[in-house]
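K.L.:
Okay, handing you the structure first.
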Amino acid sequence: MKKRRIVIFMGLFLSAILVVALAGIFFMRGGEKTKKPETDTEAEIRETEVQEQTTEGTDGSCTFLSLGNIYYLLPEEEAGFKEQVRDFLKENGMAADTVTALGKVEDDKASPKGTAQFYLQLDDAGRSVLQVRYEKETGKFSIAPYEETIEDIEDYGGMKQPDGEATEAAPEYSAQGTEPIDFGLPQITDPDGELSSMGDMETLQNNLLIFLNENLEERRLFYVSSFEKTETGYEVVLEFETSRIDGQSIEVKYSDGRYEFRWR
């Protein structure tokens, strides 16, 4: 009799466990069926969050490297500079995943005036190079395509341009020929009007033309990068619109009706 009670008790106990297990399975399946489906808006938000995570560490459409080589660029100015570069690439139909500031610099650090020149290289198919000009007196940067080839560019932290796709170097002007070519008077862009306010620009242009012809230099387009009045005249630095390979500009000193030109 006692054994029979034990058997009945064990049977009831096992039945209770089975009922609980079945109830749990039913509850879990019911919860899955009632789970609210994700809406289109929620899916878009989740996709945006994933994209933001995957682009972390980049700046817009390109990553910038070694900007410390542009030593006039202050930390608080970096965001604006990057935006300026991105706008330039967009306006000129260029694209890059990485923009690297090269170690190549042309600058007279001892002078608080004038223009410093830096270089950026893109990782596009042609390994394009951009020239960045920094005007010391205005504190502004300007960007232009660099149409010349940088020799040993790897030494400056850049990548060698692939054969056949490298940016072709701008041809040096040649004075050789059977007849002299008249390129006209030099044209000087004077945005602040300081130079043109000092006197006869045509006389300056004629004297500058003589200096250019003597040095077999046929570029004729300039802009004023620095200007300073003196007691007897003025001193001005003229930059070539199309830079020379050696990066030189022309310094003009005018005093008591006399002009003095020299390479700078």
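The values are calculated or read from the model by the stated rules, or taken from the named source; none is laboratory data. These numbers were taken from a predicted model, which means no experiment stands behind them. Heads up, the Cβs are rebuilt from the backbone with ideal geometry, glycines too, and the neighbour counts pull from every protein chain shown. For accessibility, only protein heavy atoms count, side chains too; no ligands or nucleic acids. Shrake-Rupley method; radii C 1.70, N 1.55, O 1.52, S 1.80 Å.
K.L.:
Tell me yes or no: at least one residue of the stretch 195-214 is surrounded by fewer than 16 Cβ atoms within 10 Å (Cβ to Cβ), within 35 Å of the chain's Cα centre (by Cα), closer than 24 Å to Gln117 by Cβ and not aliphatic (A, V, I, L, M).
P.N.:
no
K.L.:
Every residue in the stretch 247-264 that is part of a strand (DSSP E or B) and either crowded, with 16+ Cβ neighbours inside 10 Å or of a type in the set (Lys, Arg) (or both), please.
P.N.:
Hits for the stretch 247-264 are Ile250, Glu251, Val252, Lys253, Tyr254, Arg258, Tyr259, Phe261, Arg262.
K.L.:
Looking at the stretch 126-143 only, could you name the residues that are open to solvent by 50 Å² or more (accessible area, probe 1.4 Å), more than 20 Å from Asn92 (Cα to Cα) and touching a strand residue (DSSP E or B) at 6+ places or on another chain (Cβ under 7 Å)?
P.N.:
Scanning the stretch 126-143 gives a single hit, Glu137.
K.L.:
Got a number for residues in the stretch 215-241 being of a type in the set (Val, Ile, Thr) and either touching a Gly at 6+ places or on another chain (Cβ under 8 Å) or surrounded by 13 or more Cβ atoms within 10 Å (Cβ to Cβ) (or both)?
P.N.:
Counting residues in the stretch 215-241 that are of a type in the set (Val, Ile, Thr) and either touching a Gly at 6+ places or on another chain (Cβ under 8 Å) or surrounded by 13 or more Cβ atoms within 10 Å (Cβ to Cβ) (or both) gives 3.
K.L.:
What do you reckon, is Ala144 modelled with pLDDT under 90 and closer than 24 Å to Asp107 by Cβ? Even if it seems obvious, please write down each step before you answer.
P.N.:
Values: modelled with pLDDT under 90: no; closer than 24 Å to Asp107 by Cβ: yes.
No, not satisfied.
K.L.:
Also, I was wondering about something else. I'm trying to understand the selection: among the residues of the stretch 69-125, which are surrounded by 14 or more Cβ atoms within 10 Å (Cβ to Cβ) and of a type in the set (Asp, Glu)?
P.N.:
Those that are surrounded by 14 or more Cβ atoms within 10 Å (Cβ to Cβ) and of a type in the set (Asp, Glu): Glu77, Glu78, Glu106, Asp107, Asp123, Asp124.
K.L.:
Of these, Leu204, Leu216, which one is on the phi > 0 side of the Ramachandran plot and either of a type in the set (Val, Ile, Thr) or modelled with pLDDT of 85 or more (or both)?
P.N.:
Checking each option against the conditions leaves just Leu216.
K.L.:
Here's something else I'd like to know. For the stretch 232-247, give me the residue count where each residue is over 15 Å from Glu194 (Cα atoms) and at pLDDT below 90.
P.N.:
Taking the stretch 232-247 as the starting set, the residues that turn out to be over 15 Å from Glu194 (Cα atoms) are 232, 239-247.
Those still in the list that are at pLDDT below 90 too: 232, 241-247.
Count: 8.
K.L.:
Follow-up. Looking only at the stretch 226-240, which residues are of a type in the set (Val, Ile, Thr) and assigned to a strand (DSSP E or B)?
P.N.:
Correct list: Val236, Val237.
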